[in-house]
1. Between Gln45 and residues 5 or more places away or on another chain, which pairs have amide H atoms under 5 Å apart, with H built 1.01 Å from N, and which residues are they?
2. Report the residue, chosen from Ala48, Ala115, Ala27, that carries the largest GNM mean-square fluctuation when the chain is represented by alpha-carbon nodes joined by springs under 10 Å.
3. Across the stretch 99-111, in residue order, what do the Karplus-derived ³J(HN,Hα) couplings come to in whole Hz, using 6.51 cos²θ - 1.76 cosθ + 1.60 with θ = phi - 60° and x for Gly and Pro?
4. In deg cm²/dmol and to the nearest 500, what is the mean residue ellipticity at 222 nm of the chain if only DSSP H runs of at least 4 residues count, each as -39500 (n - 2.57), divided by the residue total?
5. To the nearest Å, what is the center-to-center distance of the stretch 78-114 and the stretch 1-62, using C-alpha atoms only?
6. How high is the relative contact order of the chain, in percent, counting Cα pairs under 8 Å that sit 6 or more residues apart?
7. Along each of the three principal axes of the Cα atoms of the stretch 34-100, give the extent in whole Å, ordering the values from largest to smallest.
8. Assign one of three labels to the stretch 1-63, namely rounded, prolate or oblate, based on the Cα gyration tensor with a ≥ b ≥ c the square roots of its eigenvalues; rounded applies when a/c is under 1.5, prolate when it is not and a/b is larger than b/c, and oblate otherwise.
Amino acid sequence: MLTRTALGVFRLNGQFLTVSEEMARPAGLTAAWWQVLGAVLREPQPVAGIARTMGITRQSVQRVADLLVRQGLAEYTPNPAHRRAKLLRPTDEGRAAVHRIQPAHADLATRLKEALGADGFARTADVLERLSEVLAGLEADVTP
């Protein structure tokens with residue numbers, strides 16, 4: 001069951017990345033840029049916080065954040081809680097780029113909801129969130 005679950009999640013991840021790239025491209029973004037900008041739309045966050053939320057390495061987020069800043073889509077601001085760990089926040093241009101993706105995002109959400117049913121869609125999200133929580137709790141016990 002573990003192999004089946006892992007392969008299903010890997011395939012699903014690839015499918016989401018492909019669809020995300022297609023949705024982000026017309027807005028001048030990549031899936032990774034969209035992911036990082038999306039993480040800071042509501043409130044600025046330090047790179048390490050974004051990485052924790054997304055479950056990827058801080059270094060990966062740092063590379064994308066620096067690119068977003070260079071492109072004028074995000075900016076670093078002082079962090080009152082930590083002098084060295086600046087906060088990343090989207091610029092108006094970054095917010096506008098993410099906003100341009102919303103119609104395609106809403107369309108995909110509607111089609112998935114129609115295909116899965118509202119309850120099925122909600123259960124799918126619940127199961128994936130629970131799997132992530134359980135796996136996070138087990139990670140410390142996994143040894144090479």
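Taken together, the values in this text are just the output of simple stated rules run on the coordinates, not laboratory data. Every value quoted in this text rests on a predicted model; they were computed, and no experiment measured them. Counting neighbours? That spans all protein chains shown, and the Cβs are built from the backbone with ideal geometry, glycine included.
1. It is Leu88, by chain and number.
2. Ala115
3. 4, 5, 7, 3, x, 5, 4, 5, 5, 4, 4, 5, 5
4. Result for the chain: -23000 deg cm²/dmol, rounded to the nearest 500.
5. One Cα centre to the other: 12 Å.
6. Answer for the chain is 20 percent.
7. 31, 24, 21
8. Numbers: a/c = 2.61, a/b = 1.32, b/c = 1.97.
It comes out oblate by the Cα gyration axes.
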